[in-house]
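Asker: Got a structure for you, questions after.
Each reported figure results from applying straightforward, stated rules to the coordinates on display, with no laboratory input. If you're wondering where the values come from, they're calculated on a predicted model, not measured in any experiment. Please note: Cβ atoms are built from the backbone with ideal geometry, for glycine as well, and neighbour counts cover all protein chains shown.
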2 protein chains.
Amino acid sequence: MNTDLQLRPAGEADLPHILAFIRELAEYEKLSHQVVADEDKLRATLFGPRPYAEVVIAEWQGRPAGFALFFHNYSTFLAKPGIYLEDLFVRPEFRGHGIGKALLVHLAREALARDCGRLEWSVLDWNEPAIGFYQALGARLMDEWIINRVTGEALERLAAKG
Amino acid sequence: MNTDLQLRPAGEADLPHILAFIRELAEYEKLSHQVVADEDKLRATLFGPRPYAEVVIAEWQGRPAGFALFFHNYSTFLAKPGIYLEDLFVRPEFRGHGIGKALLVHLAREALARDCGRLEWSVLDWNEPAIGFYQALGARLMDEWIINRVTGEALERLAAKG
């Protein structure tokens, strides 16, 4: 047991940390231009009457070092929920302590505790260090599946069809 | 307005139809060996105290013709939920009436009504008819993302790590 590392569910007081993590992750993924999240929007969707996702904060020696944000997906073949990890991020200065792995292990335990059939997440195909890390932890790449996304004006056009 | 087609939320009485649709879809995807769902498991996870997904039934001239099963995912960049369409299926004898498109349009409207930022789903990379159909409806292929999955014994091994 590493007492330098503490994992705990996030509360409303963590909103500044959560927003900072999201922005730092977007920067790493070269997607900063897509971030419109702010504290009010996060509060409404994560800590409102219908929370759409859960957040785990990783603290290293008492300092916020990283986070995982996840929600439940569903497998019709298993007729069971799964855990889908939407974001995992560890600040560069805290890497090398096994924090990312500890967050994945934590979510695997949550998945079993909640009778979920799967733990899933996505990775950018150019992020080879991450892919190797995930495969060493037992992940299988579902590379025969491609995600389709309809958003923005395309979503409005689809909703307006016949 | 096509009065032959009715879309409605599924209730517990639809469990036999839902299970039949799941099995027929798995057969089409050549994945029947993965289906362990049964009516009891579906009841517990779709109509129990914590429903993990929602189902829309499409009826054509009063007969169950297809279904869509979806749940909410979450975008940290938008700080908004999305709708993730897990399964969409129309029985072969009911194809050609625009039922699949009507289900997607219905979900796009639900997404806007629920202030969701996106409608997303996955497609098998060999299913070119489906891919063309989705692109014509405004979907963008997120083919730089690859899904990682940990399940079964690999999930137990990950949960047992130090």
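Asker: Quick check on segment A:115-125. Is at least one of its residues in a strand (DSSP E or B), more than 26 Å from B:M142 (Cα to Cα), of a type outside the set (G, A, S) and in contact with a helix residue (DSSP H, G or I) (Cβ under 9 Å, 6 or more places away or on another chain)? Break it down into steps so the answer makes sense when it comes.
Answerer: To start, the set of residues in segment A:115-125 that are in a strand (DSSP E or B) comprises A:118-124.
Those still in the list that are more than 26 Å from B:M142 (Cα to Cα) too: none.
No, segment A:115-125 has no match at all.
Asker: Do you know which residues across segment B:33-54 are in a helix (DSSP H, G or I) and under 21 Å from B:L85 (Cβ atoms)? Break it down into steps so the answer makes sense when it comes.
Answerer: First, pick out the residues of segment B:33-54 that are in a helix (DSSP H, G or I): B:33-34, B:39-46.
Across segment B:33-54, the qualifying residues are B:Q34, B:K41, B:L42, B:T45, B:L46.
Asker: Find all pairs meeting these conditions: Cβ atoms under 7 angstrom apart; at least six residues apart or on different chains; first residue within segment A:71-95 and in contact (Cβ under 8 Å) with a residue 40 or more places away in the chain and within 11 Å of chain B (Cβ to nearest Cβ); second residue outside any strand (DSSP E or B) and hydroxyl-bearing (S, T, Y).
Answerer: Final answer for the pair search is A:H72/B:Y52; A:D87/B:T76.
Asker: How many of the residues in segment B:103-140 are in contact (Cβ under 8 Å) with a residue 12 or more places away in the chain, more than 28 Å from A:A44 (Cβ to Cβ) and more than 8 Å from chain A (Cβ to nearest Cβ)?
Answerer: 2
Asker: Right, B:G66: under 17 Å from A:E153 (Cα atoms) and buried (at least 18 other Cβ atoms within 10 Å of the Cβ) or not?
Answerer: no
Asker: Another one. Give the residues of segment B:58-70 that are within 14 Å of another protein chain (Cβ to nearest Cβ) and in contact with an Asp or Glu (Cβ under 8 Å, 6 or more places away or on another chain), sorted by residue number.
Answerer: B:F67, B:A68, B:L69, B:F70
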